[in-house]
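Below is one structure, written out as structure tokens, with a few remarks after it.
The values are calculated or read from the model by the stated rules, or taken from the named source; none is laboratory data. The structure displayed is predicted, hence computed values, not measured ones. Cβ placement follows ideal geometry from the backbone for every residue including glycine, while neighbour counts extend to all protein chains displayed. When the accessible area is computed, the model is the full protein with side chains, heavy atoms only, and any ligands, DNA or RNA have been set aside. Shrake-Rupley method; radii C 1.70, N 1.55, O 1.52, S 1.80 Å.
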Amino acid sequence: MVRFRIEPAPPPGEPYLTDAVGTVIVNGPDEIVLATRRGRVAIPRRLVVATRIVPPAPPRRGVVGGELAPLELHREVADSWPPMERTQLGDWILRASRGFTSRGNSVVPVGDPGLPLNAALDAVESWYADRGLPANLTLADPRPSTDAAGVLTVDVSRDPVGALLIDRGYAVSDPSLFLTATPAVVHRSLVGMARVERGPAGRVTVQADRALTDAWLACYEGYRSNDAEAARAIMTGSPAQAFATALMDGRAVGVGRLGMSGSWGGLAAMWVDPAYRRSGVAQGMMGELVAAATDLGAQRLHLQVWAHNEPALALYRRLGFRVHHAYVNATG
């Protein structure tokens, strides 16, 4: 918070001081620049009367991992979706995987990059350009808003890095949601749900493997065209992982993956053949992955899903997952 004199001076009897609250972008000899909820505010230093550090928002009660700020959580679970190449710019994490997935090719800009922000962004852009990739930075909002039509919006201009990226002409993705839960809560929820696991031609079986199988990878590649080498490197690069496969007459009709990062288990790459959806197949795979997470010592779970994917969100909510924060990716 910066308190400063209003210039030109107001008429007698009116307040002559005002406050601005935000994150410091520039702390120079001539001015202080803050990124506030209403945009950037430049305050001549000669007008400053007082400054005060405003403590961060308290932890979100009832949300697993609520004691962690959004991007701190992204950093903590980074090994659950490990990139082919990773480096540090100060505290920032830079990841590259030949363009395969946004998470595998993006920056977690949390902490001090060791450079002024503009210089840090120049370094990021140069690093990705050397790899033939666009710069891509993750920006999070713990309290996004919803417009009159019920559409979730994330205002990246409230973030100092986001404000600079907008100035540079970066494109902002649709928002995603970062959900968390505990294995115990998800397990209890699964016990209370029907496990039908039936498709149009009979019963589907679900199995979990610690190793990546050809059937799993072929199914994954069937719904998402990708770089097979990059996919294999990411899928098998966590400290530990497990793969769920739903099979019908020996053919894979659904897949899902668990990747460990410290005490966190990350659920990702969930897909079910459209002909087998709403029949308990996704629940069956979740059950296998949560059991694997428990065996591997996971104390907390996380997953990420597009904010507009209502069918998936409905399932995850029934399983006990809650929204930790919303985030977007800004690409230059």
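Structure summary
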quantity	calculated
Potential lengthening between residue 115 and residue 27 on full extension [0.36 nm per residue; Cα-Cα distance subtracted]	30.4 nm
Of all DSSP beta bridges in region 181-332, antiparallel share, percent nearest 5	85 percent
222 nm mean residue ellipticity, helices alone, for the chain (DSSP H n ≥ 4; -39,500 (n - 2.57); rounded to 500)	-7000 deg cm²/dmol
Virtual paramagnetic centre 7 Å along Cα→Cβ of residue 263, amide N under 13 Å, in region 157-184	182-183
Extension reserve of the residue 130-residue 49 stretch, reckoned as 0.36 nm per residue once the Cα distance is removed	24.6 nm
Inter-centroid distance (Cα atoms) of region 126-183 relative to region 63-100, Å	14 Å
Listed residues 204, 48, 172, most fluctuating in the chain (Gaussian network, C-alpha, under 10 Å)	48
Probe 1.4 Å - accessible area at residue 223, Å² to nearest ten	80 Å²
(i) 100, 54, 39; (ii) 55, 49, 32; (iii) 83, 44, 36, with the label sought being that of the calculated Cα extents along the principal axes in Å	(iii)
Region 36-161 - share of DSSP beta bridges that are antiparallel (%, nearest 5)	90 percent
Selected from 300, 75, 318 as most flexible by GNM, with the chain as the system and alpha-carbon contacts under 10 Å	318
